[in-house]
Amino acid sequence: MSNLDNDQRLASVFSESIGHARNREQSAFDEAAGVLTNSIVLYGAGNFGRRVLRGLRKNGVNVLAFADLDSTLCGNDGVPVLSPEDAARTYGRTAAFVVCVWHPDKHFGVQRIIDQLLAMDVHRVVPFVYLFWKYPHTFLPHYFWDLPSKYLEREDVIRETYESFDDPTSKMQFIADLELRTTGLFRGRPLPCTGQQYFPEEIFHVSADECFIDCGGYDGDTIRALIEESDGRFRRILALEADPENFSRLEAYLAALPEFHNRIGIHQAAVARVAGTLRFAATAAGNAAVSSCGESIVNCVALDEVLSDEIPTMIKMDIEGSELDALEGAAHTIASHKPILAICLYHRPEHFWEVPLRMKSAEPEARLYLRSYAVDGFDTVCYAVPPARCIQESERITGAGERAA
């Protein structure tokens, strides 16, 4: 897709008035559900579906049943869990089915569930987004979801962010994500990238001299990817992970790699603007995060202090909404060493524009790229790559020609 096509799509998003968007937010669910707005079946009986159930009950809305591929997922909330087929037979014409399955996946997303339910003769199928818009005080913001009007109100800064990207693919991804956030429509999304997340070979090559800083080390998944991508040739890895159980898994993974012990270090801490302690929601999963409601207290560090004796060549951050604070705590390191930055920007609505612009401010000469590695808006990463590390267009063309030959 050309930049002209991208520009036209961007103009189309902002052709809607803020007033019209506000009306659409409030009417989207009722229009999609029709006469069935008070008869609801939730597709998805996992944590996300249960969260939606609790929110609906706060607003006095009754739920008839859950539909789920695993009909054993019974909770203590008194709502039966049916197989999708049984739910469709029982409620397909008398209830609106709200799709409440939303998690990172490279293939299976909301639109596929919608299509499957329609094929089962369910008459009204609605994505959870419309329900969130109807009850924003209960559900929003949630990750990058917010009211469409909130995005349209930031037109100037969103346009500035769009212009900061250096290739048509990045601009296309940016617009696709903006369209998802403002329309709630999951159909027609770009396919996720098939390469290694954080190490896109069409943008830069991993160096044998790489000093990689892994903020959000989880269980070592990104370290595994780097070892595979580099064939074990790197100078240094430092991983930071705050969740106690995740950190234990990270320790166990590294214990099985004795050949790398002198080149890989790990640190149990959250990454923040300044050192100290923070409340933390420890989930033993990828969504563990700094949270004012968290029941745990964890140590936190600023990268400028932790890396005072390091010369990082790449910093990755997937830290569930703490990315901007962490970037501020790494300001001196970034200015001094100009590493590649790979920062997730899907955890909060405002990160859509604030993260890329902060990265560009930190490294004005770097080129910005945007890539997504999952369907439905997850795992979207913004890269800032110093010119010396960028793969030039001529190299890409030559490489493509050699592969074709």
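Against the list (1) touching a residue at least 60 places away in the same chain (Cβ under 8 Å); (2) of a type in the set (A, V, I, L, M); (3) under 22 Å from LEU324 (Cα atoms), the condition ALA239 fails is (1). ASP231 fulfils the conditions (1) out of contact with any helix residue (DSSP H, G or I) (no Cβ under 6 Å at 6 or more places or on another chain); (2) in contact (Cβ under 8 Å) with a residue 12 or more places away in the chain except for a single criterion, (2). Please verify whether SER39 is hydroxyl-bearing (Ser, Thr, Tyr), closer than 15 Å to LEU131 by Cβ, in contact (Cβ under 8 Å) with a residue 40 or more places away in the chain and not assigned by TED's automatic domain parsing to the domain that holds ALA285, treating the condition exactly as stated. Considered against the rule, which asks whether it is hydroxyl-bearing (Ser, Thr, Tyr), closer than 15 Å to LEU131 by Cβ, in contact (Cβ under 8 Å) with a residue 40 or more places away in the chain and not assigned by TED's automatic domain parsing to the domain that holds ALA285, SER39 comes out as yes.
If the condition is being outside any loop (DSSP other than H, G, I, E, B), of a type in the set (D, E, K, R) and out of contact with any Phe, Trp or Tyr (no Cβ under 9 Å at 6 or more places or on another chain), then the stretch 119-156 contributes LYS150, ASP156. In the set VAL99, VAL79, VAL126, only one residue is touching a residue at least 60 places away in the same chain (Cβ under 8 Å), among the β-branched types (Val, Ile, Thr) and assigned by TED's automatic domain parsing to the domain that holds ASP30; that residue is VAL126.
Of the helices (runs of 4 or more DSSP H) lying entirely inside the stretch 268-368, those containing at least 1 residues that are in contact (Cβ under 8 Å) with a residue 40 or more places away in the chain span 303-306, 323-328, 351-362.
Just to be sure, is THR182 part of a helix (DSSP H, G or I) and either at negative phi or modelled with pLDDT of 95 or more (or both)?
Here the answer is yes, as THR182 does meet what is asked.
The residue that is surrounded by the fewest Cβ atoms within 10 Å (Cβ to Cβ), counting only those in the stretch 335-374 that are among the aromatic types (Phe, Trp, Tyr) and within 13 Å of ASP318 (Cβ to Cβ), is TYR373.
Criterion applied to ASP209, ASP214 was being within 20 Å of the chain's Cα centre (by Cα), closer than 26 Å to THR333 by Cα, acidic (Asp, Glu) and at pLDDT 95 or above, and the one residue passing it is ASP214.
The values are calculated or read from the model by the stated rules, or taken from the named source; none is laboratory data. The shown structure was predicted, so the numbers you read here are calculated from the model rather than taken from an experiment. Virtual Cβ from ideal backbone geometry, glycine too; neighbours counted across all protein chains shown.
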